Amino acid sequence: MIIAPLGSGSAGNSYYFESDGTSILVDAGLGPRETRKRLEKVGRDIEQVRAIVITHEHYDHIRGAARLAAKYGMPIYLTRGTLEASSIDRAETNVVVFENNTTFAIGELNVHSKRTIHDAADPACFVIEARDGTRVGLASDLGFVDDTVLNHLRGCDGLFFESNHDLDMLRLGSYPWSLKRRIMSRFGHLSNDDSMFAVQRMIGAELKTLCLIHLSQKNNTESIVRDMAAKLLARTGVQLELSIAKQFEPTGVFEIARRRSVPRVAPVARHAQMALF
Ligand SMILES: [Zn+2]
Ligand SMILES: [Zn+2]
């Protein structure tokens, strides 16, 4: 599977996934022109993108979705809660509603969704699974990582996981107290410490690539996160590709495959509860 983070953080999130001829975007926090430009930088054509899957309705994840859908005719997959909390006009837009904690198929990709804890209507994280059984997890905007989410993301071959802020930088920084409290709450974002603790519990023999995402521009630095993750990997003796996602340019192109290819049992049917609008 090919994964390319196009932008990660509060200025706009978008992640490109491709396998066996199916390409999708998870989140559309960049406008159509910027999305196309960044896809070109990683050698991909926006015309090939088949769908957008949305994690939640916050602006940095959904801002470009309706315009991308209109311009390129791609459907937007999202939960009903996300749809209702968003400004997407369902009469004008090709929308596919999925229910959290279910699996649905887009072309050759299976998307396993799981509800997360965040201050949004019905937020989701995903494991995207390819035909050969390769599994890549993507989770950001987590106030708290419960066991359900941890178990969902275990056993992945690639993991794109939030490491939002350094607690001291946030505490001592210039944000108003109300915003600091929101970020630190169970419905906000994951601190580096909480992220590393969760990653430690999710690292398995299969994990080949770890990319820390959605870093705060004000309250974090790439070097802090890289140091913490490198120490964690050294402590656990795990060897893998470590990366930190960038905000204003594509982070790169990751090619992730199962170490031992175990084809999935059967492609899933579209979930019966999904409705087309
Ligand atoms: Zn966000
Ligand atoms: Zn959010």
Out of Arg80, Arg90, sole residue that is farther than 23 Å from Gly9 by Cβ, more than 16 Å from ligand 2 (Cβ to nearest atom), open to solvent by 10 Å² or more (accessible area, probe 1.4 Å) and modelled with pLDDT under 95
Arg90
When Arg186 is evaluated against the numbered criteria (1) assigned to a loop (DSSP other than H, G, I, E, B); (2) more than 22 Å from Ser14 (Cβ to Cβ); (3) without any contact (Cβ under 8 Å) to a residue 60 or more places away in the chain, which criterion, by number, is the only one it fails?
(3)
Considering only the stretch 91-122, how many residues are charged (D, E, K, R) and touching a His at 6+ places or on another chain (Cβ under 6 Å)?
1
Scan the stretch 1-29 for residues that are open to solvent by 60 Å² or more (accessible area, probe 1.4 Å) and within 14 Å of ligand 1 (Cβ to nearest atom) and report the count.
1
Scanning the stretch 30-48 for residues that are crowded, with 22+ Cβ neighbours inside 10 Å and more than 14 Å from ligand 1 (Cβ to nearest atom), which turns out farthest from Phe248 (Cα to Cα)?
Leu39
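Yes or no, residue by residue, for (1) open to solvent by less than 60 Å² (accessible area, probe 1.4 Å); (2) within 17 Å of Gly143 (Cβ to Cβ):
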residue: Glu162; (1), (2): yes, yes
residue: Asp168; (1), (2): no, no
residue: Gly188; (1), (2): yes, yes
residue: Thr209; (1), (2): yes, no
residue: Ser216; (1), (2): yes, yes
residue: Met228; (1), (2): yes, no
residue: Arg235; (1), (2): no, no
residue: Ala245; (1), (2): yes, no
Positions within the stretch 114-125 being surrounded by fewer than 22 Cβ atoms within 10 Å (Cβ to Cβ), within 15 Å of ligand 1 (Cβ to nearest atom) and assigned to a strand (DSSP E or B), in sequence order
Ile117
Of all residues in the stretch 193-207, how many are in contact with a Lys or Arg (Cβ under 7 Å, 6 or more places away or on another chain) and among the charged types (D, E, K, R)?
1
Could you list all residues from the stretch 140-155 that are open to solvent by less than 10 Å² (accessible area, probe 1.4 Å), away from ligand 1 (no atom under 15 Å from the Cβ) and within 21 Å of Met228 (Cα to Cα)?
Leu150, Leu153
Does Val136 satisfy the criteria of being crowded, with 17+ Cβ neighbours inside 10 Å and in contact with a helix residue (DSSP H, G or I) (Cβ under 7 Å, 6 or more places away or on another chain)?
no
Considering only the stretch 49-77, state which residues are surrounded by 19 or more Cβ atoms within 10 Å (Cβ to Cβ), more than 16 Å from ligand 2 (Cβ to nearest atom) and of a type in the set (Ser, Thr, Tyr).
Tyr77
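The values are calculated or read from the model by the stated rules, or taken from the named source; none is laboratory data. The structure presented is a predicted model; accordingly, all values stated were derived computationally and were not measured. For neighbour counting, all protein chains shown are included, and Cβ atoms are generated from backbone atoms with ideal geometry for every residue, glycine included. We work out accessible area using only protein heavy atoms, side chains counted, and drop any ligands, DNA or RNA first. Shrake-Rupley method; radii C 1.70, N 1.55, O 1.52, S 1.80 Å.
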